[in-house]
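Peer 1: For reference, the structure I am asking about is given below.
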Amino acid sequence: MIITDFFNIIDAEIARKKEMITPKTIAEFQWHRKAAEQGNAEAQTKIGKMYYDGHGVEQDRVEALHWYNKAAEQGNAEAQTKIGDIYCTDFTCSLVKWSYAEAIKWYRKAAKQGYAEAYFKIGDIRYKRCRIKQDFLEVEECYRKAAEQGHVKAQFKIGKMYYDGYGVTQNYVEALEWYRKAAKQMDAEAQFKIGDMYCCGQGVEQDHVEAFKWYRKAAEIGHVEAQFKTGNMYYDGYGATQNYVEALEWYRKAAKIGIDKTLYNIHAEAQFKIGNMYYCGQGVEQDHIEAFKWYHQAAERWCVEAQFKVASMYYNGDGVTQNYVEAFKWCYKAAKMRHNEAQNKVGDMYYYGYGVEQDYVEASKWYNEAAKKRKVSSICWLM
């Protein structure tokens with residue numbers, strides 16, 4: 001399934017690139033090119049972006065830099081910032097060597113003109129490399145200059161600094177104020193953080209109804225963790241009227257695999273929840289075969305509870321053909337991740353020789369592991 005995810009992402013990227021070069025985008029490129037060749041700095045910047053992204057023309061990072069330089073020479077702040085980006089993050093352009101110092105130089109040129117994105121980029125670089133109090137002061141100053149111009153990412157970052165107490169005195173009220181500014185501009189992460197703060201009563205009186213409202217706002221614009229939490233709140237009737245059908249719908253959204261690998265654990269948890277709902281017939285007709293399918297997807301993404309559930313279903317022939325070898329494989333995976341019931345079950349399977357060669361020594365080892373967490377059946381066997 002992980003390999004399938006990879007190829008799905010590749011196919012999506014190929015489709016995206018095809019959409020970037022169409023008769024319409026080609027005509028758009030040619031129109032801007034004419035203006036750029038006549039010395040229009042904005043058009044030169046636009047052409048640089050089109051070469052950089054492969055929009056209306058074959059992607060060419062070297063050519064992109066050429067046009068950015070032309071615009072930057074005329075003092076175009078956006079172009080200067082784009083050159084900074086190339087020095088800071090782009091390893092594919094053969095004409096430049098990665099350099100924070102060079103990136104900062106270009107960002108400062110743009111910042112002198114009051115360009116918000118440049119202030120934000122300087123703040124971001126300094127944020128990642130803070131060592132002394134003076135560094136933190138510069139970070140906050142740069143973020144503030146960008147935020148005061150309505151730069152949504154800068155607003156969020158200031159909120160995060162106050163929330164974490166990173167370089168400033170921790171202040172949930174101040175954090176919430178900045179998150180609200182970003183949330184007004186439909187920043188999903190800010191909306192999600194506001195939901196968390198209402199849920200936990202940080203900087204504001206605890207209010208699960210209000211928390212649900214903010215989670216749902218973020219969920220509706222694609223925030224995966226918010227989609228999962230919205231599903232949880234519908235499922236538990238926590239801040240919202242219990243509704244299994246709505247819960248299932250939001251879990252399905254959260255379960256969809258995207259390109260961000262840091263969200264794979266959330267996808268897996270959502271898949272596990274869907275499995276539970278099919279297994280129990282909550283919000284959907286009971287279907288153990290469908291439940292097994294969802295549990296298996298979650299198990300492949302290292303959801304430990306799902307791994308144990310897959311093992312149990314293989315062991316009992318529940319929703320799938322009984323297979324002790326597969327049952328042992330998945331149970332062992334969960335046991336290695338310190339799942340207590342799985343450790344006990346692995347001990348059983350070694351003891352009786354189900355799905356694995358009988359081995360009393362291994363059985364004793366796994367019963368001992370389970371007993372550390374006071375699993376009663378293990379303790380009794382050891383006595």
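Peer 1: Restricting to the stretch 21-42, and then to whatever is of a type in the set (Val, Ile, Thr) and assigned to a helix (DSSP H, G or I), can you tell me which residue is nearest to the chain's Cα centre (by Cα)?
Peer 2: Looking only at the stretch 21-42, we keep the residues that are of a type in the set (Val, Ile, Thr), and these are 21-22, 25-26.
Narrowing the set further to residues that are assigned to a helix (DSSP H, G or I) leaves 25-26.
Numbers: 25: 30, 26: 33 Å.
Among them, the one singled out is 25.
Let's see how each residue does on (1) modelled with pLDDT of 95 or more; (2) buried (at least 17 other Cβ atoms within 10 Å of the Cβ); (3) within 18 Å of the chain's Cα centre (by Cα); (4) within 17 Å of residue 127 (Cβ to Cβ):
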| residue | (1), (2), (3), (4) |
| --- | --- |
| 171 | yes, no, no, no |
| 177 | yes, no, no, no |
| 187 | yes, yes, yes, no |
| 191 | yes, yes, yes, no |
| 195 | yes, yes, yes, no |
| 206 | yes, no, no, no |
| 212 | yes, yes, no, no |
| 218 | yes, yes, yes, no |
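Peer 1: Inspect the stretch 234-247 for any residue being out of contact with any Asp or Glu (no Cβ under 9 Å at 6 or more places or on another chain), buried (at least 22 other Cβ atoms within 10 Å of the Cβ) and either modelled with pLDDT under 95 or not acidic (Asp, Glu) (or both) and give the result as yes or no.
Peer 2: no
Peer 1: Six or more apart or on different chains, Cβ under 6 Å: which pairs go from a residue in the stretch 283-305 that's closer than 16 Å to residue 318 by Cα to one that's acidic (Asp, Glu)? Could you list them?
Peer 2: 288/318
Peer 1: Count, please, the residues in the stretch 113-166 that happen to be within 20 Å of residue 100 (Cβ to Cβ), surrounded by fewer than 21 Cβ atoms within 10 Å (Cβ to Cβ) and of a type in the set (Val, Ile, Thr).
Peer 2: Total meeting the criteria: 2.
Peer 1: Taking the criterion of being over 30 Å from the mean Cα position of the chain (by Cα) and at pLDDT below 95, would at least one residue in the stretch 84-95 satisfy it?
Peer 2: Pass one, the stretch 84-95, residues over 30 Å from the mean Cα position of the chain (by Cα): 94-95.
Filter again for at pLDDT below 95, leaving 94-95.
Within the stretch 84-95 (the criterion being over 30 Å from the mean Cα position of the chain (by Cα) and at pLDDT below 95), the answer is yes, since at least one residue qualifies.
Peer 1: Ok, one more. Which residue pairs have Cβ atoms under 6 Å apart, sit 6 or more places apart or on different chains, and have a first residue in the stretch 266-281 that is closer than 12 Å to residue 250 by Cα and touching a residue at least 40 places away in the same chain (Cβ under 8 Å) and a second that is of a type in the set (Ser, Thr, Tyr) and part of a helix (DSSP H, G or I)?
Peer 2: So the pair list comes out as 270/251; 273/251.
Peer 1: Another one. Would you tally the residues in the stretch 133-175 being touching an Asp or Glu at 6+ places or on another chain (Cβ under 6 Å) and without any contact (Cβ under 8 Å) to a residue 24 or more places away in the chain?
Peer 2: 1
Peer 1: Here's a follow-up. Hand me the list of helices (runs of 4 or more DSSP H) wholly inside the stretch 154-250 holding 2 or more residues that are β-branched (Val, Ile, Thr). Break it down stepwise before answering.
Peer 2: Working: elements: 172-184, 188-200, 208-220, 224-236.
So the answer is 224-236.
Peer 1: Can you go through 60, 85, 53 and tell me which one is among the acidic types (Asp, Glu) and free of Cβ contacts under 8 Å to residues at least 12 places away in the same chain?
Peer 2: When all the criteria are applied, what remains is 60.
Peer 1: What's the number of the only condition in (1) of a type outside the set (Gly, Ala, Ser); (2) touching a residue at least 12 places away in the same chain (Cβ under 8 Å); (3) closer than 16 Å to residue 167 by Cα that residue 104 fails to meet?
Peer 2: Only one criterion is unmet by residue 104, namely (3).
Peer 1: Which residue pairs have Cβ atoms closer than 7 Å, lie 6 or more positions apart in sequence or on different chains, and pair a first residue in the stretch 216-235 that is of a type in the set (Asp, Glu) with a second residue that is assigned to a helix (DSSP H, G or I)?
Peer 2: Between residues of the stretch 216-235 that are of a type in the set (Asp, Glu) and residues that are assigned to a helix (DSSP H, G or I), the close pairs are 225/192; 225/266.
The values are calculated or read from the model by the stated rules, or taken from the named source; none is laboratory data. Here the structure is a predicted model, which is why all the values come from computation and not from measurement. Cβ sites come from the backbone with ideal geometry, for glycine too, and all protein chains shown count toward neighbours.
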